[in-house]
Amino acid sequence: EPDGKPLTFGDLWGTEDDSADKKINLQMMTTNLTTGRPHRLPFSQNLFYFDPSEWSKFFPKNVIDWMLLKSADKGAPEFAPLRQLPPGKDFPVIVATRMSLSFPILLSAVPLYARDFGRVREEDRRPQKCWFSDGGICSNFPVHFFDSALPRWPTFAINLRPFHPDHPDEPVFMPDKNVGGIGESFTNFDQGKGRTRLFGFFGALVNTLQNWTDNMQTRLPGYRDRIVHVSLNDETEGGLNLNMPPPLIVKLGERGEEAAKVLMQHFTLPAGEIELSWDNHRWVRYRTMMGLLEELMKQIEFTIKNPAPGDRSYLDLLLREADVAPNSYEWKNKSQRTFAHKAMGELMELIAKWESLKATDANSTFTTNTPKPQPELRVRPQV
């Protein structure tokens, strides 16, 4: 209802528990310009506060009333008139949408407040303003949102891009072979003369700053085969062309329909009828992950067996008594330490078994003929 309860993430989840299986798991991206980092919406921690009077300029009364009703600091707010945002299950979808699409200049940034615990004095730790803008500033193509090491279901992505110079009549493209989509995308920004080339250079700088991770990710095995590319004419279609005539909007919608049909074809036809099938996608992901896992295990084995001169071994660190430094992130009890010791031993045994197989047969490895380009397995912060 226009004046009733706003749609919340909890309504989509169909559950009160954030950790349970969700019917619809909607996630969005926004960018905190004040701290220079992206955030996933809805927020997973109660870090931010909002000013109801400020937010009344962005959202209708029923949304503000709901936010106040479900605020995480009901009662006597510590930093009144600021109020904590509601938890994820009560967070309105319209608020997340507005924060995610705050395209610079076209739409104003959205203010929230957070405490700076890096300050020394307590009075300096009071909430200060954080400006949130478009999620695409940090990640314009977050296809990794719903990924796992080995997929149980397909995730798709739609990439809007300029027409390819060799395929001006191909508005929708999706690779149909395993080697398809592996090539780099060239942006010929240095065309023209004088000011045109200069603006093209600065535009390429901004594009690279914003999209380098996404550009590399779209070429990876297990990624490029689930991305459908919809081409747009930069001068008249999409982007900042905000006054497109109705017939053109309908035409773009038809491209979207065609893109959906291509996606369905790739992931519903049997493996024998199409090369890039769902089974093929799962196989590519398996080959890639197991190759990366083998390399990681080799690194772990070498590091554990070869501590640098003067360093304690990892086994010594693992088995040290509770009163022996370092004292951070200690074991909860001796049972946890015993489990860790046994688990490390079993891991080393597994690595030794893999290596013994490789010693008898050079083909006993996951790392030969793996999908290209080669990705890497590393720890990275969760947005």
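Is there any pair with a first residue in the range 344-358 that is farther than 12 Å from Ile304 by Cα and a second that is among the polar types (S, T, N, Q) and open to solvent by less than 60 Å² (accessible area, probe 1.4 Å) whose Cβ atoms are under 7 Å apart and which are 6 or more apart or on different chains, and what are they?
Leu357/Ser364; Lys358/Ser364; Lys358/Thr365
Just checking, how many residues over the range 188-206 are surrounded by fewer than 14 Cβ atoms within 10 Å (Cβ to Cβ) and within 26 Å of the chain's Cα centre (by Cα)?
Result for the range 188-206: 3.
Looking for whichever is aliphatic (A, V, I, L, M) and under 30 Å from Arg287 (Cα atoms) here; the options are Val110, Val206, Val120, Val143. Which one fits?
Only one candidate qualifies: Val143.
Collect the residues in the range 24-42 that are part of a loop (DSSP other than H, G, I, E, B), within 14 Å of Val95 (Cβ to Cβ) and modelled with pLDDT of 95 or more, keeping them in residue-number order.
Pro42
Take the range 88-135 and flag every residue that is touching a strand residue (DSSP E or B) at 6+ places or on another chain (Cβ under 6 Å) and basic (Lys, Arg).
Within the range 88-135, Lys129 is the sole residue that qualifies.
Restricting to the range 165-187, give me the number of residues that are of a type in the set (Gly, Ala, Ser) and exposed (fewer than 11 other Cβ atoms within 10 Å of the Cβ).
Here the count works out to 1.
Within the group Asp65, Asp17, Asp21, Asp3, which residue is more than 30 Å from Leu240 (Cα to Cα), over 27 Å from the mean Cα position of the chain (by Cα) and assigned to a loop (DSSP other than H, G, I, E, B)?
After applying the criteria, what remains is Asp3.
Name the residues in the range 106-164 that are open to solvent by 30 Å² or more (accessible area, probe 1.4 Å), of a type in the set (S, T, N, Q) and part of a strand (DSSP E or B), would you?
Gln128, Asn159
Among what's in the range 76-96 and is in contact with an Asp or Glu (Cβ under 7 Å, 6 or more places away or on another chain) and assigned to a loop (DSSP other than H, G, I, E, B), pick the residue that is most open to solvent (accessible area, probe 1.4 Å).
Per the criteria, the residue is Pro81.
Pairs needed: first member in the range 1-30, in contact (Cβ under 8 Å) with a residue 40 or more places away in the chain and under 24 Å from Ala157 (Cβ atoms); second member anywhere, in a loop (DSSP other than H, G, I, E, B) and among the polar types (S, T, N, Q); C-beta distance under 8 Å; at least 6 residues apart or different chains.
The qualifying pairs are Leu12/Asn25; Trp13/Asn25; Met29/Ser139; Thr30/Ser102.
Please determine, by comparing only the residues of the range 297-341 that are open to solvent by 60 Å² or more (accessible area, probe 1.4 Å) and among the aliphatic types (A, V, I, L, M), which one is nearest to Lys372 (Cα to Cα).
Per the criteria, the residue is Leu315.
With respect to Glu257, determine if the residue is open to solvent by 60 Å² or more (accessible area, probe 1.4 Å) and within 26 Å of the chain's Cα centre (by Cα).
yes
Does the range 273-292 hold any residues that are loosely packed, with under 15 Cβ neighbours inside 10 Å and either farther than 15 Å from Asp225 by Cβ or among the hydroxyl-bearing types (Ser, Thr, Tyr) (or both), and which are they?
The one that is loosely packed, with under 15 Cβ neighbours inside 10 Å and either farther than 15 Å from Asp225 by Cβ or among the hydroxyl-bearing types (Ser, Thr, Tyr) (or both): Glu273.
Tally time: how many residues in the range 5-16 are open to solvent by less than 40 Å² (accessible area, probe 1.4 Å) and modelled with pLDDT under 90?
1
Please list, ordered by first then second residue, the pairs with beta carbon atoms under 7 Å, 6 or more apart or interchain, first in the range 196-210 and within 16 Å of Asn140 (Cα to Cα) and modelled with pLDDT of 90 or more, second of a type in the set (Val, Ile, Thr) and open to solvent by 90 Å² or more (accessible area, probe 1.4 Å).
That search, which allows pairs on different chains as well, returns Ala204/Thr187.
Take Ser19 and decide whether it is modelled with pLDDT of 95 or more, more than 26 Å from Ile137 (Cβ to Cβ) and open to solvent by 30 Å² or more (accessible area, probe 1.4 Å).
no
The values are calculated or read from the model by the stated rules, or taken from the named source; none is laboratory data. Treat the numbers as computed from the prediction; the structure is a model and nothing was measured. Glycine also receives a Cβ, built like all others from the backbone with ideal geometry; neighbour counts cover every protein chain displayed. SASA here: full protein model, heavy atoms, side chains in, ligands and nucleic acids out. Shrake-Rupley method; radii C 1.70, N 1.55, O 1.52, S 1.80 Å.
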